[in-house]
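One structure below.
The values are calculated or read from the model by the stated rules, or taken from the named source; none is laboratory data. This is a predicted model, so every value here is computed, not measured. FYI the Cβ positions are ideal-geometry reconstructions off the backbone, even for glycines, and counts take in every protein chain you see.
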Ligand code: NAD
Ligand code: 89V
């Protein structure tokens, strides 16, 4: 390992999904990560994480920051606490990775970014769909030039999987499917086809037992002239269910890429067709059907660790994720007004 100095990691929010972050940081020990502290306001959760992953347990973030020398904090709480926790880190010149959604509102996201800029601290968002093994393989085919210039795509996350069992708060969110999973697929649309000029959106609430929209269909015109359709639903009745896979169709000037359920990729290039199994392997701590998502956490945390240690901006930096979050805001506005909307843009104050 080039740089012998370890990166001291603190993690705040030892809940459902954070278990994957904790396993990932443990796997990254040999690459320079040292998980030194975990924090959860629920003492039983922080104690359990500390015991399982060999870190010191805290129930209060300020105390953890006071007592520990932390280089990088991984904020894996729900979005309502992201702004306050990210500010706490920035004010102490501690780098931060914030789980998605960045924050509950566009204004809050901008506050987080501007606070980090003011304190000159490193900031990123844990947006892991683009780091998944499957999506990295799709990106690799695009980068190879095999399909020429991408100019149309349909990206679909359609499931009837009971997401509410592991994440019961989702049933209470007034802005649900776009802000929770559409945000991932919108980030993929940017990743594959570039920035967005304008979009339109229709939402539906087909499940009577939840508060927010459970289905969204978004049509986007990218600045390159490409067109994409981004679909997300938690109310599909289709079986077999593809959860948590994103199904992909990308058409280009010289070919196509299709990723079907079961993580099979089919590529047509210059009139030749081939297919490949592109799914994630099971790790010691991953299990179906979440294994692809779980492995994406390892790839994402590795990217964060490598970027931070090299003094590089992360691909999904706070400023980059504002461009994805802007699509979320535009989609809700488009659904509410029935018209096409140009995503909001953020320009640095200084
Ligand atoms: P959760 O409620 O299970 O866990 C959050 C934990 O944070 C709780 O244990 C809570 O006690 C703790 N907490 C809250 N505020 C705190 C504070 N100020 N200080 C210390 N602890 C605090 O939530 P979850 O389902 O694990 O989701 C967490 C985040 O991960 C959400 O933003 C969610 O959208 C995201 N998530 C991402 C993915 C993905 O990356 N693919 C998948 C699932 C969830
Ligand atoms: O991946 C996520 O962000 C989760 C989901 C329910 C989509 O798996 O919230």
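Restricting attention to region 188-204, which residues are part of a helix (DSSP H, G or I) and in contact with a strand residue (DSSP E or B) (Cβ under 9 Å, 6 or more places away or on another chain)?
188, 189, 190, 192, 193
Looking at 53, 65, can you tell me which residue is under 30 Å from residue 165 (Cα atoms), surrounded by fewer than 23 Cβ atoms within 10 Å (Cβ to Cβ) and either within 11 Å of ligand 1 (Cβ to nearest atom) or touching a residue at least 24 places away in the same chain (Cβ under 8 Å) (or both)?
53
Could you please give the count of residues in region 232-254 that are closer than 9 Å to residue 156 by Cβ, surrounded by 20 or more Cβ atoms within 10 Å (Cβ to Cβ) and touching a strand residue (DSSP E or B) at 6+ places or on another chain (Cβ under 6 Å)?
Number satisfying all stated conditions: 4.
Is there a residue being out of contact with any helix residue (DSSP H, G or I) (no Cβ under 7 Å at 6 or more places or on another chain) and within 16 Å of ligand 2 (Cβ to nearest atom) anywhere in region 53-64?
Checked region 53-64: no residue is out of contact with any helix residue (DSSP H, G or I) (no Cβ under 7 Å at 6 or more places or on another chain) and within 16 Å of ligand 2 (Cβ to nearest atom).
Out of the residues in region 80-119 that are near ligand 1 (Cβ under 8 Å from one of its atoms) and touching a residue at least 40 places away in the same chain (Cβ under 8 Å), which is farthest from residue 325 (Cα to Cα)?
85
Out of all the residues in region 167-176, is one or more under 29 Å from residue 141 (Cβ atoms), within 16 Å of ligand 2 (Cβ to nearest atom) and either within 18 Å of the chain's Cα centre (by Cα) or modelled with pLDDT under 95 (or both)?
Checked against the condition, which is being under 29 Å from residue 141 (Cβ atoms), within 16 Å of ligand 2 (Cβ to nearest atom) and either within 18 Å of the chain's Cα centre (by Cα) or modelled with pLDDT under 95 (or both), region 167-176 yields no hits at all.
Select, from 309, 288, the only residue that is over 20 Å from residue 138 (Cβ atoms), away from ligand 1 (no atom under 15 Å from the Cβ), without any contact (Cβ under 8 Å) to a residue 60 or more places away in the chain and surrounded by fewer than 20 Cβ atoms within 10 Å (Cβ to Cβ).
After applying the criteria, what remains is 288.
Is it the case that region 130-145 has a residue that's over 30 Å from residue 253 (Cα atoms), assigned to a helix (DSSP H, G or I) and either modelled with pLDDT of 95 or more or within 16 Å of ligand 1 (Cβ to nearest atom) (or both)?
No: zero hits.
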